[in-house]
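Accompanying notes for the structure given below.
Taken together, the values in this text are just the output of simple stated rules run on the coordinates, not laboratory data. Fair warning: this is a prediction, and the values are worked out from it, not measured in the lab. Don't worry about glycine lacking a Cβ; one is built from the backbone with ideal geometry, like all the others, and counts go over all protein chains shown.
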């Protein structure tokens, strides 16, 4: 079966809340089994290097720490045509790469028909491996927001049993 939907977590795991997108991908990979037409990816800080991974996708969901200028832990969803104007101010290092990625895929005619960014306002962007307390408190809400969007897109998933291995194609890039 052809993979038609990708979820790409963005972030740097070495900078605390900055790595929340990657943490979300890992939590979903660990806790859920997804349909065969779905792929989870750790996009890290790759920017344009993600271009071949979104080519041919119908829908792509990005998850990242985003400076919305709101209270830490605030979750927001930015979709399709709102993304380029939202990303214009370059709110994080990834958004430079993400806006370039979206421009390049559009220019090449390979842009997915639906693109969504689910972001959470970080509290601490500093050296460290753990999320801040506020992001930890809001992490389950972030995961539920992601799962709700995937469900809207027709991605089938179920919670894994304790001993069940991951079935999701994907790989850290």
>> When the expected Rg is taken as 2.2 N^0.38 Å, what fraction or multiple of it is the alpha-carbon Rg of the stretch 5-155?
In response: 0.96
> At a Förster radius of 25 Å, what calculated FRET efficiency corresponds to the Cβ-Cβ distance of residue 107 and residue 140, to the nearest 0.05?
Replying inline: 0.10
>> To check you understand DSSP bridge types, tell me what percent of the beta bridges within the stretch 5-155 (both residues inside) are antiparallel, rounded to 5.
In response: 20 percent
>> Per 0.36 nm of contour for each residue apart, how much would the distance between residue 51 and residue 2 grow if the chain were fully extended, relative to their Cα-Cα spacing?
In response: 15.9 nm
